[in-house]
Amino acid sequence: MIAWRTGADTGRNGLQVVLVLLLLLALGLGTGVSQALADPPGGSAEDGQALFQRKCAACHSIGQGDMLGPDLKGVTTRRDSDWVARFLAAPDQVLASGDPIATELLSKYNIKMPNLGLTETEVTALIAYLGTQAGSAPEPQPTLAPMAILSEGDKTAGNDLFTGTARFQNGGPPCVACHTTADIGFLGGGALGPDLTGAHAKLGDAMAVWPETVPPMKAIYQDKPLTQKEKDDLLALFQSASTAQGQPWVVGQLALLAVAGSALLMGLAHLVWWRRLRGVRRAMVARRTSPFRDILGG
Amino acid sequence: MIDIVLFAAFPYMAVLVAVLVGVYRYFNDRFSYSSFSSQFLENRALFWGSVSWHYAVIVILLAHVLALVFSGGWATLIAAPVRLYTLEVIGLALSASALLGLVLLILRRLLNARIFTVTSTMDWVLLAALLAQVVLGLWTALFYRWGSDWSLATVAPWLVSLAKLSPQTELVASLPWVVKLHMLGGFAIIALFPFTRLVHLVTFPITYLWRPYQVVVWNWRKKQT
């Protein structure tokens, strides 16, 4: 009566139950997937907000004061929106062109904004969002947490923290779980997050505020923040890290090791159970039914 | 919204289906709680397939459970890179063995006429689900290293939050799709459990561990060797 029976005794009733339940599961999944496909990121202020949280919030606040970069409250009224669009799309190029505003910003904040590789739609969305956050005039706000990045950390301690040999005081996972650098030997660090080789040259000390502010790290570290000492140690490590690219091909090495290990296990199974398949009858049947039985004299 | 559907609603639904249908099947068709062994019909390919698959997948499942239940101890275990690499390589070797065994079992069911005849639709569904799950796991282990480490800060607390009935989907929301599919696949297989021969999981004779001992007496002379 039930579909879990094999072959001929599979009944219709049970099959129907199974199909209905599978349909329900599929429906649940389908709803979710279609929802995801229904709203691709567009240029709306709402998309801009999500984008801001993901890509900008590490260095900029809105109305909370300056962080590594300026407070962006009212930036769309403060500056020409065309300029904002150009700067968002390619801050490095704007700065290189000798743009006076960009040069002034650099001398004030002393950090070059990295090129985030935003698309045109993303820039539109961000500007739309920043527009809704303009308020009246930017009120003078006290600077948020003073960015006391002294970078007098100990790079050996930083290395231990990065590789997980020393644990973070508040229980956050070690960097190596998701990141690698050129300095980590043999199989390297994790590949879930970006390779941090040369990251400090690009991003500067801003890296220190990332764990608690940038998704997906934010969800993990917001309740387990790094201490200032730990950040300093890590920054010291990143500053001194080599920038030579070119990790060995780890996936290939791992795949080879996996195949070798698997072969070893198969060999072991063969050794342990070598008698298991040596029945008396099978050999006799094989002899009787072999097309070569006349030659073999079975 | 999609995260709630996939990583909160779906897991609960899957477990609910597994328990309800599992209990229903137990009380209405108890004899079917079995692996429906086909060893009588064919045992050569079965040996290599079944041994590789079962031993490997049991150890891997055990590692998943241990990392979840003893997250702190697991984190200490992999704190030194050498230990992390060793553990990951052992896991990969076992995954490769499981994959090999599973492929052998699938080929056996496809190519052996006698076995093909006793294979139900749900058997194929289960085999496909298991294959997908192993490939996704292997893919994660190879390309999104080191899962045994980052899962402690993402997947493990998410599962704990599910168990506490206050799902924190944001912990896993930003993982790559391959990893997400592996997590969803796990719950899909839990949902499949009561509809397939996977029910033989709960027939493992674990009661041997605490049943009263039995005295075995041979009433003939032991053969001289």
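The values are calculated or read from the model by the stated rules, or taken from the named source; none is laboratory data. Nothing here was measured: the structure is a model prediction, and the numbers come from that model. Cβ sites come from the backbone with ideal geometry, for glycine too, and all protein chains shown count toward neighbours. These accessible areas exclude ligands, DNA and RNA; they are computed on the full protein's heavy atoms, side chains included. Shrake-Rupley method; radii C 1.70, N 1.55, O 1.52, S 1.80 Å.
Summary of computed values
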| quantity | calculated |
| --- | --- |
| If the convex hull is drawn through the Cα atoms of the stretch B:2-209, its volume per residue in Å³ | 145 Å³ |
| Reduction of at least 50 Å² in accessible surface, 1.4 Å probe, comparing all protein chains with the chain by itself, residues of the stretch A:182-197 | A:191, A:192 |
| Ratio Rg/Rh [Cα only; Rh per Kirkwood] for the stretch B:127-198 | 0.99 |
| With at most 11 other Cβ atoms within 10 Å, longest stretch of chain B clear of loop chymotrypsin sites (Phe, Trp or Tyr not before Pro) (DSSP) | B:41-209 |
| For the stretch B:93-225, accessible area per residue (1.4 Å probe, heavy atoms of protein chains only), Å² | 56 Å² |
| Restricting the stretch A:253-291 to trypsin sites (Lys or Arg not before Pro) in coil, as DSSP defines it, with at most 10 other Cβ within 10 Å | A:275, A:278 |
| With every protein chain in place, the protein assembly as shown: carbon and sulfur % of accessible area (1.4 Å) | 66 percent |
| For the stretch A:225-267, the Rg and Dmax computed from alpha carbons only, in angstrom | 18.8, 52 |
| Estimated 222 nm signal from helices in chain B, with DSSP H stretches of n ≥ 4 weighted -39500 (n - 2.57), rounded to 500 | -20500 deg cm²/dmol |
| Interface area, B with A, accessible, probe 1.4 Å, both sides summed, Å² nearest 100 | 4900 Å² |
| For B:68-75, mean number of other protein chain Cβ atoms within 10 Å | 1 |
| Relative contact order for the stretch B:1-99, counting Cα pairs under 8 Å that sit 6 or more residues apart, in percent | 29 percent |
| Mean separation of Cα contacts under 8 Å (6+ apart) over length of the stretch B:2-209, as relative contact order % | 37 percent |
| Chain B: angle of helix B:177-192 to the longest principal axis, Cα-based, in degrees nearest 10 | 40 degrees |
| Dipole in debye (nearest 20) - the protein assembly as shown, about Cα centre, beta carbon charges: Lys, Arg +1; Asp, Glu -1 | 4180 debye |
| Potential lengthening between residue B:37 and residue B:128 on full extension [0.36 nm per residue; Cα-Cα distance subtracted] | 30.9 nm |
| Whole-number percent relative contact order across the stretch B:137-225, with pairs defined as alpha carbons under 8 Å at least 6 apart | 19 percent |
| Positive-pole candidate from B:127, B:74, B:38, dipole of chain B, charges at beta carbon | B:38 |
| Candidate lysines - alpha carbon under 30 Å from residue A:155, same-chain residues fewer than 8 apart omitted | A:55, A:108, A:112, A:202, A:218, A:224, A:229, A:231 |
| List of the stretch B:143-184 residues, accessible area with partners at least 50 Å² below that of the chain alone (1.4 Å probe) | B:145, B:146, B:149, B:150, B:153 |
| Prolate/oblate/rounded call for the protein assembly as shown, Cα gyration tensor, a/c under 1.5 rounded | prolate |
| Modelled label reach - residue B:45, point 7 Å along Cα→Cβ, the stretch B:107-122 residues with backbone N closer than 13 Å | B:107-119 |
| Stretch gain in nm, segment residue A:283-residue A:249, where the contour uses 0.36 nm per residue and the Cα spacing is subtracted | 7.5 nm |
| Nearest-20 debye value, chain B charge dipole, Cβ charges on Lys, Arg, Asp, Glu | 1000 debye |
